[in-house]
Each structure stands twice: as structure tokens, then as C-alpha cells.
1. Test C38 against the criterion of being among the hydrophobic types (A, V, I, L, M, F, W, C), over 14 Å from Q110 (Cα atoms), under 14 Å from the mean Cα position of the chain (by Cα) and surrounded by 14 or more Cβ atoms within 10 Å (Cβ to Cβ), and give yes or no.
2. For the list (1) within 28 Å of E18 (Cα to Cα); (2) in contact with a helix residue (DSSP H, G or I) (Cβ under 6 Å, 6 or more places away or on another chain); (3) open to solvent by less than 20 Å² (accessible area, probe 1.4 Å), I need the number of the one condition that A64 fails.
3. Would you mind stating whether A106 is within 13 Å of the chain's Cα centre (by Cα), open to solvent by 20 Å² or more (accessible area, probe 1.4 Å), of a type in the set (A, V, I, L, M) and at pLDDT 90 or above?
4. Would you please list the contacts, defined by Cβ atoms under 8 Å and residues six or more apart or on different chains, that run from a residue in the stretch 31-50 that is more than 12 Å from D15 (Cβ to Cβ) to a residue that is aromatic (F, W, Y) and surrounded by 22 or more Cβ atoms within 10 Å (Cβ to Cβ)?
5. I'd like to check something: does the stretch 9-21 contain any residue that is closer than 20 Å to I121 by Cβ and surrounded by 16 or more Cβ atoms within 10 Å (Cβ to Cβ)?
6. Of everything in the stretch 55-71, what is of a type outside the set (A, V, I, L, M) and in a helix (DSSP H, G or I)? Give them in sequence order.
7. Out of the residues in the stretch 88-121 that are touching a Phe, Trp or Tyr at 6+ places or on another chain (Cβ under 7 Å) and in contact (Cβ under 8 Å) with a residue 60 or more places away in the chain, state the one that is farthest from A34 (Cα to Cα).
8. Could you grab me the full set of residues in the stretch 28-54 that are part of a loop (DSSP other than H, G, I, E, B) and closer than 19 Å to A87 by Cα?
Amino acid sequence: MSTPGTPLPAALIPDCTELEAHRAAYKSAKTNDAIFVCIARQGSRWKVELDAFSSSGPSIPEQAVAVLQSAIEVLVADGTVTQANIAPDYISIRAIEGERKAREIAAALQAAMHGLRQLYIAVPVPRGRA
């Protein structure tokens, strides 16, 4: 088991295909003050969802969101995913070919979101520049 608030390895990303699993995973993320992350089957493909509102940290600044956006744009451009939505505190990616790839993407994005948030806490962007 990982330390509360730290990103999960790919193998531990919860499968929230069922609504009850989603509720339990979100509750666990809130309890552990962690960024919520899950995968879910949608037909023959998979979806990744991240939600930073489950944790008490600050919103990620626009400059950091741009880094995540760039990575997701590469996934869309190369056909790994077909649809993605990104905001400072929420990411949703759909139509991923397999569960293994969905887990890999979910773990990487959660770790990046967590790391960018920690960096922003340590080195805050001056007001008016965020």
C-alpha cells in the first residue's frame, strides 16, 4: 500500500467500471488526501479519470496544466486516445485501446499532477503570473 497522498503505481490504479467501485475509490482518495485516479471499461476500450478536488492541495497553475495538456495532445495525435478533457483540477481521457495502457497513462498523469502541485507549493508563482 502506498503512503497517503502519494501517487499510485499502475498496478494499483482502481478499476471503477462499476459505480460502487468508483464511489469507494473516490472516498479512499479523499480519506488519504490524494488526487483521485481510476480507469474504467467503456465498451471495448478504457477511460482514465483524475480529479484533484479529492485532495486539499492548491489548484495547479496554468503553466503546469500546459505541460499536462502537451502530453495529452501527443496521445491524441498518435491515436493512443481519441478524446481528452483537461482542466486544472480534472482530467478525463477516453477510448484507450487496452487496460494496461490505461493504467500506465493514469499512473503517469497522477504522478505528474502530484509532482507539479508539490513544485508549485515549494516554488509558488508570483500573483499575476499564474
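1. Spelling it out, it is not the case that C38 is among the hydrophobic types (A, V, I, L, M, F, W, C), over 14 Å from Q110 (Cα atoms), under 14 Å from the mean Cα position of the chain (by Cα) and surrounded by 14 or more Cβ atoms within 10 Å (Cβ to Cβ).
2. Looking at each condition in turn, A64 falls short on (1).
3. On the way: within 13 Å of the chain's Cα centre (by Cα): yes; open to solvent by 20 Å² or more (accessible area, probe 1.4 Å): no; of a type in the set (A, V, I, L, M): yes; at pLDDT 90 or above: yes.
So A106 fails the test.
4. Within 8 Å, the pairs are L50/F36.
5. Pass one, the stretch 9-21, residues closer than 20 Å to I121 by Cβ: none.
Looking through the stretch 9-21, none of the residues is closer than 20 Å to I121 by Cβ and surrounded by 16 or more Cβ atoms within 10 Å (Cβ to Cβ).
6. Step one: of the stretch 55-71, the residues of a type outside the set (A, V, I, L, M) are 55-59, 61-63, 69-70.
Across the stretch 55-71, the qualifying residues are E62, Q63, Q69, S70.
7. It comes out as E99.
8. Of the stretch 28-54, the ones part of a loop (DSSP other than H, G, I, E, B) are 32-35, 43-44.
Matches in the stretch 28-54: A34, I35.
The values are calculated or read from the model by the stated rules, or taken from the named source; none is laboratory data. As the structure is a prediction and not an experimental result, all values here were calculated from the model. Reconstructed Cβ throughout: ideal geometry from the backbone, glycine too, with neighbour counts over all protein chains shown. Accessible surface is based on the protein model in full, side chains and every heavy atom, while ligands, DNA and RNA are left aside. Shrake-Rupley method; radii C 1.70, N 1.55, O 1.52, S 1.80 Å.
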